[in-house]
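**Student:** Structure below; questions to follow.
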Amino acid sequence: MSEADVIVVGAGLAGLAAARLLTAAGRSVIVLESAEAVGGRVRSEVIDGLTLDRGFQLLNPAYPEARRVLDLDALQLRPFIPGVLLTQGDERHLIADPRRRPSALFSAARFTPGTRVEQMRFAAYAAHLASGDGRRIDRGPDSAIGDRLAIFGALSDQVLAPFLAGVLFDDSMTTSRRFAEFLLRSFILGTPALPAMGMQAIPDQLATGLDVRTRTSVVDVSPTSVTTLDGQLRARAVVVATDPATAGRLVPGLAVPTMRSGTTWWHLADMPGAALTGGLPVLVVDPARRGPLVNTVVVSNAAASYLGGAGRGERALVASTALGAGRPGTPATPDEATVRRHLGVLHGVNVDHWETVAVQRISATVPAVPPGTSFRQTPRIGGIFVAGDHRDTASIQGALVSGRRIAHAALKALA
Ligand SMILES: Cc1cc2nc3c(=O)[nH]c(=O)nc-3n(C[C@H](O)[C@H](O)[C@H](O)COP(=O)(O)OP(=O)(O)OC[C@H]3O[C@@H](n4cnc5c(N)ncnc54)[C@H](O)[C@@H]3O)c2cc1C
């Protein structure tokens, strides 16, 4: 006797997306999740009334699958500026898409690295990436993104590379061109945002109405059964939607990617958001790389709700990220004093009295995506369905798409 048509292992975005579609198709589904709540790598916690996401991240509403499966209105998205704030000495320059933020043109005109020819080349490239069907990017030979962007000279070194380092959790510029261009296209087309109540609102929305059993760790799977510490459950199909390392242990023969790592510091600043980044909700990057942070952002300038009751209007919540997690197998992370020095440079203020609210060392952020990586990995290995961002693109979009692809494959098999 089967307990359900399908058992999904893992309630991250991929597992939840698969479970929703299977349930909508009339199948009985049980989702087993080892953690105490749904979300996987998209989680938030509340500390002293402050909402902190587990590692700074953003939802790009231009992701086609996010538009398809999420109720974006219900998330009450708080948008960021479509661009970056560059620090140059004591000056700050907003480099943003002039079509969507015309005032940025003036600042950008005074400081955009590179020659006029390189800038015009990049404008044409950006227009090309944004136009037409995104699948076009998949075509043509793949290579390292650094090779592709080299023709933009200082613009690549001082703007694109520091920006991508924060998105990819990697500053080597050896990532697949196709994948990096997919991300650049999403940034050009969309305005990344935070849900008013934190990133956790995304998996919470997806989990609504599903039979999710948290604090249930799966130790073994077969094509028709799942073993937990409490015993065995049977199903007609099994979907493994865990993180890549666990999937590799559960599914023999599965190729597991290297994972990137990162550390996010959350500070409560003793000054209003208006005193930082000109009150703007914008990603700050350092073209001169004078310290370890790949980006820093005044989260409360986008979503004041993250501050809860903590001195709204007088204080600001700042998230700052460096590469590495200082955990076994991941690169070292800088110490607090080094991070604070860099924060002071980036924000141009005295940060001595900023309160450290949390330091989140995340040893597995996103899979590495070397050139030649396929974005549509085979859905079934040894009779077990495998979903996750490591099976499509390494992103929220990829996790959601993977869930859909696996649900369709499972439905076909069940039929
Ligand atoms: C700090 C950070 C910043 C990021 N920034 C962005 C961004 O800005 N934009 C973007 O698009 N993407 C970003 N990402 C990537 C994005 O969050 C992931 O690609 C996506 O969430 C992966 O979802 P998933 O369902 O594939 O896997 P996961 O989220 O890893 O879900 C797997 C689930 O399986 C559960 N599980 C594991 N083992 C077991 C077991 N034995 N039994 C039961 N359950 C188990 C886990 O607890 C987890 O809930 C970021 C990620 C991090 C960590």
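The values are calculated or read from the model by the stated rules, or taken from the named source; none is laboratory data. Computed from a prediction, not measured in an experiment: that's the story for all the values here. Positions of Cβ are generated from backbone atoms using ideal geometry, with glycine treated the same way; all protein chains shown enter the neighbour counts.
**Student:** Hey, among the residues in region 36-56 that are more than 9 Å from the ligand (Cβ to nearest atom) and of a type outside the set (D, E, K, R), which one's surrounded by the most Cβ atoms within 10 Å (Cβ to Cβ)?
**Tutor:** Result: THR51.
**Student:** Mind checking which residues of region 138-172 are modelled with pLDDT under 95, surrounded by 15 or more Cβ atoms within 10 Å (Cβ to Cβ) and at positive phi?
**Tutor:** GLY153
**Student:** Just to verify a result, which residue in region 208-223, among those that are among the β-branched types (Val, Ile, Thr) and exposed (fewer than 15 other Cβ atoms within 10 Å of the Cβ), is farthest from the ligand (Cβ to nearest atom)?
**Tutor:** THR208
**Student:** May I ask you to list the residues in region 235-285 that are in contact with an Asp or Glu (Cβ under 6 Å, 6 or more places away or on another chain) and farther than 13 Å from ILE384 by Cα?
**Tutor:** Result: ARG260, LEU268, PRO272.
**Student:** Might you check whether a residue that is of a type in the set (Lys, Arg), in contact (Cβ under 8 Å) with a residue 24 or more places away in the chain, over 22 Å from LEU250 (Cβ atoms) and in contact with a strand residue (DSSP E or B) (Cβ under 7 Å, 6 or more places away or on another chain) occurs anywhere in region 348-370?
**Tutor:** yes
Listed here are the residues, each with its yes/no results for (1) part of a helix (DSSP H, G or I); (2) touching a Phe, Trp or Tyr at 6+ places or on another chain (Cβ under 7 Å); (3) without any contact (Cβ under 8 Å) to a residue 12 or more places away in the chain; (4) of a type outside the set (Val, Ile, Thr).
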residue: GLY146; (1), (2), (3), (4): yes, no, no, yes
residue: ILE151; (1), (2), (3), (4): yes, no, no, no
residue: ASP157; (1), (2), (3), (4): yes, no, no, yes
residue: PRO162; (1), (2), (3), (4): yes, no, no, yes
residue: MET173; (1), (2), (3), (4): no, no, no, yes
residue: ARG178; (1), (2), (3), (4): yes, no, no, yes
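**Student:** Given the condition under 19 Å from ILE30 (Cβ atoms) and among the charged types (D, E, K, R), answer yes or no: does some residue in region 235-243 qualify?
**Tutor:** yes
**Student:** Residues that are modelled with pLDDT of 95 or more and more than 24 Å from the chain's Cα centre (by Cα): find the strands (runs of 3 or more DSSP E) completely inside region 4-107 holding 2 or more of those.
**Tutor:** 4-9, 29-32
**Student:** With THR277, THR356 as the choices, which residue is among the hydroxyl-bearing types (Ser, Thr, Tyr), outside the structural domain of LEU400 (by TED's automatic domain parsing), in contact with a helix residue (DSSP H, G or I) (Cβ under 9 Å, 6 or more places away or on another chain) and modelled with pLDDT of 95 or more?
**Tutor:** Residue meeting the stated conditions: THR356.
**Student:** Further question: Could you tell me which residue of region 235-258 is farthest from the ligand (Cβ to nearest atom), considering only residues that are closer than 15 Å to ARG380 by Cβ and not small (Gly, Ala, Ser)?
**Tutor:** If we take residues in region 235-258 being closer than 15 Å to ARG380 by Cβ and not small (Gly, Ala, Ser), then ARG236 is farthest from the ligand (Cβ to nearest atom).
**Student:** Being more than 16 Å from the ligand (Cβ to nearest atom), more than 27 Å from PRO257 (Cβ to Cβ) and not in a helix (DSSP H, G or I) narrows it down to one of VAL349, VAL345, so name that one.
**Tutor:** The match here is VAL349.
**Student:** Let me ask something else about it. Could you grab the pairs with beta carbons closer than 6 Å, sequence gap of 6+ or different chains, first residue in region 377-395 and at positive phi, second one near the ligand (Cβ under 10 Å from one of its atoms)?
**Tutor:** Pairs found: GLY388/ALA14; GLY388/ALA241; GLY388/SER402.
**Student:** Let me ask something additional. For region 58-67, what are the residues that are touching a residue at least 12 places away in the same chain (Cβ under 8 Å) and either more than 18 Å from GLY166 (Cα to Cα) or more than 14 Å from the ligand (Cβ to nearest atom) (or both)?
**Tutor:** PRO61, ALA62, TYR63, PRO64, GLU65, ALA66
**Student:** Which of the following residues is of a type outside the set (S, T, N, Q) and farther than 20 Å from ILE202 by Cβ: GLY388, GLY372, GLY398?
**Tutor:** Answer to the selection: GLY372.
**Student:** Quick one: in region 22-35, of everything that is among the aliphatic types (A, V, I, L, M) and either free of Cβ contacts under 8 Å to residues at least 40 places away in the same chain or crowded, with 20+ Cβ neighbours inside 10 Å (or both), which residue is nearest to the ligand (Cβ to nearest atom)?
**Tutor:** LEU32
**Student:** Inside region 360-413, can you point out the residues that are hydrophobic (A, V, I, L, M, F, W, C), assigned to a helix (DSSP H, G or I) and either within 12 Å of the ligand (Cβ to nearest atom) or modelled with pLDDT under 95 (or both)?
**Tutor:** Correct list: ILE396, ALA399, LEU400, VAL401, ILE406.
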